[in-house]
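Chemist: Okay, here's the structure, questions in a sec.
Bear in mind these aren't lab numbers, they're just calculated from the coordinates by the rules spelled out. Remember, predicted model here, so these are calculated numbers, not experimental data. No Cβ is skipped: glycine too gets one built from the backbone with ideal geometry, and neighbour counts run over all protein chains shown.
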Ligand code: ATR
């Protein structure tokens with residue numbers, strides 16, 4: 001029997017070092033390595049966070065590597081967020097409802113899948129637009145893709161009275177309304193075609209763009225913000241550019257705006273905490289680092 005010296009036994013357990021990853025295709029544009037490496041440096045952790053270019057046909061094999069103990073966990077980005085669902089051993093409630101996994105954690109050789117976009121969306125607004133969910137009567141969500149699913153679940157969690165999904169392809173909006181209505185008793189979820197935006201604008205407290213419109217400065221042709229109430233908040237999940245045409249127009253009308261960079265930063269927090277036992281802070285410094293990288297690209 002071995003006897004450990006008393007001073008060693010009394011030591012608090014150190015955060016376990018480990019290797020973490022982000023997989024996607026393409027992966028070179030991912031800013032997750034910048035975010036997580038900043039935190040690893042800041043907290044002095046002897047761990048790694050590396051990007052891996054993984055093709056769809058390589059996903060299953062990569063999951064075998066994960067299961068064999070090569071990693072403590074990692075992030076999953078396009079196009080693997082949905083296929084990854086079936087490869088996890090356990091799923092969080094949010095990952096199941098959204099139908100996508102963006103974060104995994106290995107526990108006792110089992111792969112646990114999470115979706116941290118709901119948390120990221122909410123934490124961004126909580127940090128940058130405090131009080132945004134007081135009396136959230138009506139929220140308009142533009143888009144009906146993967147990002148819309150996380151935003152709708154987030155708004156359900158904050159007990160929005162009504163969500164209106166407005167999407168170019170009406171059928172997709174209808175499907176989301178049906179899907180999420182089954183997960184709430186408090187929130188009335190409806191859908192409308194773009195042409196009906198003006199009907200819902202005057203009573204909306206919140207407008208969220210979850211479409212890819214805004215990327216590289218593109219604009220919505222069918223959205224006229226002038227019908228929104230002056231107290232409404234407008235937010236965009238697109239963060240390249242940081243000030244999308246939608247946010248610029250909203251700010252020009254005197255509306256409150258919140259950009260989407262904070263969602264990217266905050267969605268990374270739960271993963272880092274799961275892997276390294278440290279809850280990292282989203283600071284102005286981290287934001288400046290990522291903003292500088294966006295400007296460079
Ligand atoms: P993500 O997973 O990032 O949400 P996605 O699933 O491809 O991406 O969804 C993209 C969303 O942006 C969809 O709602 C799409 O509308 P359609 O369902 O009609 O395709 C929306 N979108 C993309 N380009 C658009 C455009 N030029 N005008 C309006 N909506 C657009």
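Chemist: How many of the residues making up the range 191-220 are in contact with a strand residue (DSSP E or B) (Cβ under 8 Å, 6 or more places away or on another chain) and farther than 12 Å from residue 167 by Cβ?
Modeler: Selection size over the range 191-220: 11.
Chemist: If the requirement is being more than 14 Å from the ligand (Cβ to nearest atom) and under 18 Å from the mean Cα position of the chain (by Cα), which of these qualifies: 190, 163, 156, 152?
Modeler: Answer to the check: 156.
Chemist: Let me ask something else about it. Out of all the residues in the range 193-225, which are more than 12 Å from the ligand (Cβ to nearest atom), closer than 21 Å to residue 240 by Cα and part of a loop (DSSP other than H, G, I, E, B)?
Modeler: The one that is more than 12 Å from the ligand (Cβ to nearest atom), closer than 21 Å to residue 240 by Cα and part of a loop (DSSP other than H, G, I, E, B): 217.
Chemist: Examine the range 273-281 for a residue that is touching a residue at least 12 places away in the same chain (Cβ under 8 Å), out of contact with any strand residue (DSSP E or B) (no Cβ under 6 Å at 6 or more places or on another chain) and crowded, with 20+ Cβ neighbours inside 10 Å, and state whether such a residue exists.
Modeler: Within the range 273-281 (the criterion being touching a residue at least 12 places away in the same chain (Cβ under 8 Å), out of contact with any strand residue (DSSP E or B) (no Cβ under 6 Å at 6 or more places or on another chain) and crowded, with 20+ Cβ neighbours inside 10 Å), the answer is yes, since at least one residue qualifies.
Chemist: Would you please list the contacts, defined by Cβ atoms under 6 Å and residues six or more apart or on different chains, that run from a residue in the range 166-187 that is under 17 Å from residue 210 (Cβ atoms) to a residue that is within 15 Å of the ligand (Cβ to nearest atom) and part of a loop (DSSP other than H, G, I, E, B)?
Modeler: Close Cβ pairs (under 6 Å, with a partner that is within 15 Å of the ligand (Cβ to nearest atom) and part of a loop (DSSP other than H, G, I, E, B)) amount to 167/143; 167/144; 170/193; 172/144; 173/144; 173/167; 176/144.
Chemist: On to the next question. Looking at the structure I just gave you, is residue 173 within 21 Å of residue 122 (Cα to Cα), in contact with a strand residue (DSSP E or B) (Cβ under 6 Å, 6 or more places away or on another chain), within 15 Å of the ligand (Cβ to nearest atom) and assigned to a helix (DSSP H, G or I)?
Modeler: Details: within 21 Å of residue 122 (Cα to Cα): no; in contact with a strand residue (DSSP E or B) (Cβ under 6 Å, 6 or more places away or on another chain): yes; within 15 Å of the ligand (Cβ to nearest atom): yes; assigned to a helix (DSSP H, G or I): yes.
Taking the combined requirement at face value, the residue does not satisfy it.
Chemist: Right, something else. Test residue 180 against the criterion of being over 23 Å from the mean Cα position of the chain (by Cα) and part of a helix (DSSP H, G or I), and give yes or no. Let's see the steps before the verdict.
Modeler: Numbers: over 23 Å from the mean Cα position of the chain (by Cα): no; part of a helix (DSSP H, G or I): yes.
The answer is no for residue 180.
Chemist: For the range 29-147, give me every one of the helices (runs of 4 or more DSSP H) that falls completely inside it and has 1 or more residues that are closer than 30 Å to residue 295 by Cα, away from the ligand (no atom under 16 Å from the Cβ) and in contact with a helix residue (DSSP H, G or I) (Cβ under 8 Å, 6 or more places away or on another chain).
Modeler: The qualifying helices (runs of 4 or more DSSP H) are 32-42, 117-128.
Chemist: May I pose another question? Enumerate the pairs (first residue in the range 51-78 and more than 30 Å from residue 212 (Cα to Cα); second residue anywhere and assigned to a helix (DSSP H, G or I)) with beta-carbon separation below 8 Å, excluding pairs fewer than 6 apart on the same chain, so at least 6 apart or on different chains.
Modeler: Qualifying pairs under 8 Å: 71/65; 72/275; 72/276.
Chemist: Within the range 238-254, is there a residue that is within 15 Å of residue 129 (Cβ to Cβ) and either in contact (Cβ under 8 Å) with a residue 40 or more places away in the chain or assigned to a strand (DSSP E or B) (or both)?
Modeler: Yes; the residues of the range 238-254 include at least one that is within 15 Å of residue 129 (Cβ to Cβ) and either in contact (Cβ under 8 Å) with a residue 40 or more places away in the chain or assigned to a strand (DSSP E or B) (or both).
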